[in-house]
Amino acid sequence: MTTANKATLLLADGTRFDGEGLRAQGIALGEAVFYTGMTGYEEALTDPSYAGQILAFTYPLIGNYGVSGTVSQHPHACVAGAAMKHLAAHPSHYASKQDLGSWLDAQNVRTIVGIDTRALTIALREHGTIAAALAVGDEAIAAIEPALARYVREATTQGLVASVADAYRPGETLGDGRKHVVLLDCGVKKNIIRDLTALDARVTVLPYAAKPDEIIAEKPDAVLVSPGPGDPRDLGETVETLRALIGTMPVFGVCLGHQLLALACGAQTYKLPYGHRGGNQPVKDLVHDEVLVTAHNHGYAVDGASLPAELEATMVNLNDGTNEGFRHRTLPVEAVQFHPEASPGPFDARGLFARWLDRVG
């Protein structure tokens, strides 16, 4: 791994960070966000929920255990770009197959190294999620300002789900368990399928745009709506599909799936000023009267005050009071905003899929 180019990260408010870039040149455009985990960089960089975002790592040394390929959540990197303070050139871990810098270059991820990520994090905490451009190479740096201005004028989240909902063939079935789950792929993470198949489920993956009759034709015992990137209101057809399925079979939503199900039930969503990201978000489980330490990655939330009478809030974020889960009072419909499949250190939320499958019958 070699840093071979000049690089610049420019925020929409004019804040500029100059550093060194890797070999992949060009301009990455997206929302600048930060990730607080000390580990888990391979999972984060391949998390479809980060599509369209320039991911800054707050921990100062990234890449010290290399890239194994075994914990990747998607076949390719999903982030728009990456920023870090120090990048380990010589990783040390028995499972490492490649250093992170070489992997980022192979994935064509524009990356900046050597910037003050503490100052960047403070800027993002002060201003919230902000549009940004990351340029690597002299030619890209010369064009960064007009590129960012154009992105600010034209930015949209439409197309983000389509860019990452491609890891599985439509109709592909994984596992041979007793319970049959159709998984609507909005950018599914590999860990979700791993957890479901480990719990005696057979998982058939269908695209997020699948119609109700296509889903019903699979004769599933239940439907799970996956996480993914962007604004849930961009997926109006998926919302209508879920509305048609409610009451016909059990449905469970995770992250973006939580928001889509809320919209299908008549609730509203909104964009968070900062977003929730990282592996240490405290969530109160109102049903079981316990606190879970959970992993999050989302910029939109369900408006808890908009939940219709037939929905009951089941989870709440203890940092800002946002809704983290709900269930239907009479129908088998439920959802959570965080990631039960993630293992950020604690395993607090790993039992949620098992409880849900038990209720499926």
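Observations, loosely collected:
- Rounded to the nearest Hz, the phi-derived 3J(HN,Hα) couplings of the stretch 328-342 under the Karplus curve 6.51 cos²θ - 1.76 cosθ + 1.60 (θ = phi - 60°) are 7, 6, 10, 10, x, 10, 7, 7, 9, 7, 8, 10, x, 7, 7, where x marks glycine and proline.
- Cα-projected label distance for Ala313 with Leu61, points at 7 Å along beta-carbon direction, nm: 4.3
- Peptides 144-150, 334-340, ordered by how many other C-beta atoms sit within 10 Å of their residues on average, highest first, read 334-340, 144-150.
- Distant-in-sequence amide contacts of Leu224, defined by a placed amide H-H separation under 5 Å and a gap of 5 or more residues or a different chain, comprise Val182, Leu183, Leu184, Phe252.
- Highest-fluctuation residue, Ala295, Ala89, Ala133 considered, GNM on the chain with Cα pairs under 10 Å: Ala89
- Tensor-based shape of the stretch 260-316 (alpha-carbon gyration tensor, a/c under 1.5 rounded, otherwise prolate or oblate): oblate
- Summed residue charge, Cβ within 13 Å of Leu307's Cβ, Lys/Arg positive, Asp/Glu negative: -3
- Local electrostatic count, Gly128, Cβ distance below 13 Å [Lys/Arg +1, Asp/Glu -1]: -1
- Stretched out straight at 0.36 nm per residue, the stretch from Thr330 to Met38 would grow longer than its current Cα-Cα span by 100.9 nm.
- Summed side-chain charge close to Ile193 - residues other than Ile193 whose Cβ falls under 14 Å, Lys, Arg +1, Asp, Glu -1: 0
- Length gained on full extension, Ser163 to Ser306, computed as 0.36 nm times the residue gap minus the Cα-Cα distance: 48.4 nm.
- Residue order, fewest to most surrounding Cβ atoms within 10 angstrom, among His296, His93, His127: His93, His127, His296
- Highest mobility in the GNM of the chain, judged by mean-square fluctuation with C-alpha springs under 10 Å and restricted to Pro227, Pro332, Pro48, is found for Pro332.
- The stretch 177-261: GluC sites (Glu not before Pro) in DSSP loop, at most 16 other beta carbons within 10 Å: Glu218
- Choice from Val223, Val71, Val254 with maximal GNM fluctuation in the chain (Cα, 10 Å cutoff): Val71
- Anisotropy class of the stretch 161-360 from Cα gyration tensor, a/c 1.5 cut: rounded
- Among Lys219, Lys190, a tally of other beta-carbon atoms within 10 Å of each Cβ gives an order, fewest to most, of Lys219, Lys190.
- Using 0.36 nm per residue and subtracting the Cα-Cα separation, the extra length available between Tyr270 and Glu218 on full extension is 15.4 nm.
- Nonlocal amide H pairs with Lys6, under 5 Å, H built at 1.01 Å: Gly21, Gly137, Asp138
- Considering helices alone, the calculated mean residue ellipticity of the chain at 222 nm is -6500 deg cm²/dmol, with DSSP H runs of length four and up weighted by -39500 (n - 2.57) and normalised per residue.
- Think of each Lys and Arg Cβ as +1 and each Asp and Glu Cβ as -1; about the Cα centre, that makes the dipole of the stretch 161-360 roughly 200 debye.
- A simple spin-label model places pseudo-atoms 7 Å from Cα toward Cβ; at His90 and Ala354 they are separated by 4.3 nm.
- The fewest-to-most ranking of Arg243, Arg277 by surrounding Cβ atoms within 10 Å reads Arg243, Arg277.
FYI, it's all coordinate maths here, none of it is from the lab. Please read all numbers here as calculations on a predicted model, not as lab measurements. Ideal geometry is used to build each Cβ from the backbone, glycine not excepted, and the neighbour counts take in all protein chains shown.
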